[in-house]
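The values are calculated or read from the model by the stated rules, or taken from the named source; none is laboratory data. For clarity, every value in this text was computed on a predicted model and none was experimentally measured. Cβ placement follows ideal geometry from the backbone for every residue including glycine, while neighbour counts extend to all protein chains displayed.
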Amino acid sequence: MGKLSEQEERVARYYDEAIFAAEAERLEKHFPVEFAITARQLGRWVPAGATVAEVGVGVGHYSEVLARRGCRLYLLDVSERLLDAARARLREAGLAGQVIGVDRASATNLESLGAETCDAVVLLGPLYHLCAPEERRRAVSEAARVLRPGGRMLAAGINRLAYLRDLFRELPEEAVARRDFHAKFLRDGNLDPEHAPPIGFAHLTTAAEFRGLFAAEFDELALVAVESFAGPWQARLAGLSTEAAAAWLELIEQTASTPEALGLTDHFLYIGGKR
């Protein structure tokens, strides 16, 4: 286990103590489009049976998706409680044998993994908890280091405007009190627990910034608007018939690479190949 920075320890405590329960139910209860589209993309870009470093495991939703496809998993997260939850999920699903390593570690320091040991690296969270540009660049370099040539990187970022959209919907009068904060936020994309308690310390990005983060070491294969037009209303997917839900997911995927969808979406998903 590598030493975590003070900021990374704060993020870990925030997940362990403040939002663990919310994180445990987040995807299935409130964000089924995010889960369904991300799972589809994992199935499309990560080969069955691949060796995968999943950096930022949540409570193991995507660990299970990958393990069911025969992938061999390194599980890494700054939160011990999330790592325990992911391991428990796989154990209960009879998939514990797919785990080949577990480490409490930062995306910026994957020292437990050797160079060119993985077929894919999945970063579905860490990049929006690294608030300094050099930390985000370090995480990308570490992913490139552990990937074999041609290996796949799948990385998630949060659309910077999603915060403002949700604030306008839920607390519109806050625009005056937060004027100075918003000016800074539009420049650097950084949030904190005071202004955004559901996510805490976080960095929200733009499509151009996110693409640029990977350009030095990866060839872009796709940039996906995960929720496309469905972001604010995605919980409705869970109440639909199987046929209707599938039809809407197809429409979301059909639009997911358009500039319009990238402007509307909550999450960007970058897929790149290591040079």
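The one condition from (1) surrounded by 12 or more Cβ atoms within 10 Å (Cβ to Cβ); (2) under 20 Å from Ala39 (Cα atoms) that Ala207 does not meet is (2). Filtered by the rule that a residue be closer than 22 Å to Arg40 by Cβ and within 17 Å of the chain's Cα centre (by Cα), the range 206-219 gives Ala207, Phe210, Arg211, Phe214. What do you reckon, is Ser141 buried (at least 16 other Cβ atoms within 10 Å of the Cβ) and among the hydroxyl-bearing types (Ser, Thr, Tyr)? Answer is no for this residue.
Here is a yes/no grid of residues against (1) among the charged types (D, E, K, R); (2) buried (at least 19 other Cβ atoms within 10 Å of the Cβ):
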{"site": "Ala105", "(1), (2)": "no, yes"}
{"site": "Leu110", "(1), (2)": "no, yes"}
{"site": "Leu130", "(1), (2)": "no, yes"}
{"site": "Arg137", "(1), (2)": "yes, no"}
{"site": "Phe168", "(1), (2)": "no, no"}
{"site": "Val176", "(1), (2)": "no, no"}
{"site": "Asp192", "(1), (2)": "yes, no"}
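The selection criterion, being farther than 18 Å from Ser5 by Cα and either modelled with pLDDT under 95 or in contact with a strand residue (DSSP E or B) (Cβ under 7 Å, 6 or more places away or on another chain) (or both), does not hold for Tyr128.
In this entry, Thr242 passes the filter for residues that are surrounded by fewer than 16 Cβ atoms within 10 Å (Cβ to Cβ) and among the β-branched types (Val, Ile, Thr). Checking each residue in the range 218-234 for being farther than 14 Å from Glu253 by Cβ and assigned to a strand (DSSP E or B) picks out Phe218, Asp219, Glu220, Leu221. Taken over the range 99-130, residues that are of a type in the set (Phe, Trp, Tyr) and closer than 9 Å to Val146 by Cα amount to 0. What about Ser228, is it surrounded by fewer than 16 Cβ atoms within 10 Å (Cβ to Cβ), out of contact with any Cys (no Cβ under 6 Å at 6 or more places or on another chain) and polar (S, T, N, Q)? When the stated conditions are applied, Ser228 does not pass them. Against the test of being more than 19 Å from Tyr270 (Cβ to Cβ) and either within 15 Å of the chain's Cα centre (by Cα) or buried (at least 23 other Cβ atoms within 10 Å of the Cβ) (or both), the options Arg26, Arg68, Arg72 yield a single qualifying residue, Arg26.
Within the range 95-120, restricting attention to residues that are β-branched (Val, Ile, Thr) and outside any strand (DSSP E or B), the residue that is nearest to Ala67 (Cα to Cα) is Thr117.
Inside the range 174-216, residues that are under 30 Å from Pro149 (Cβ atoms) and touching a strand residue (DSSP E or B) at 6+ places or on another chain (Cβ under 7 Å) make up a count of 6.
Taken residue by residue, the range 99-115 has no member that is within 20 Å of Gln41 (Cα to Cα) and at pLDDT 95 or above.
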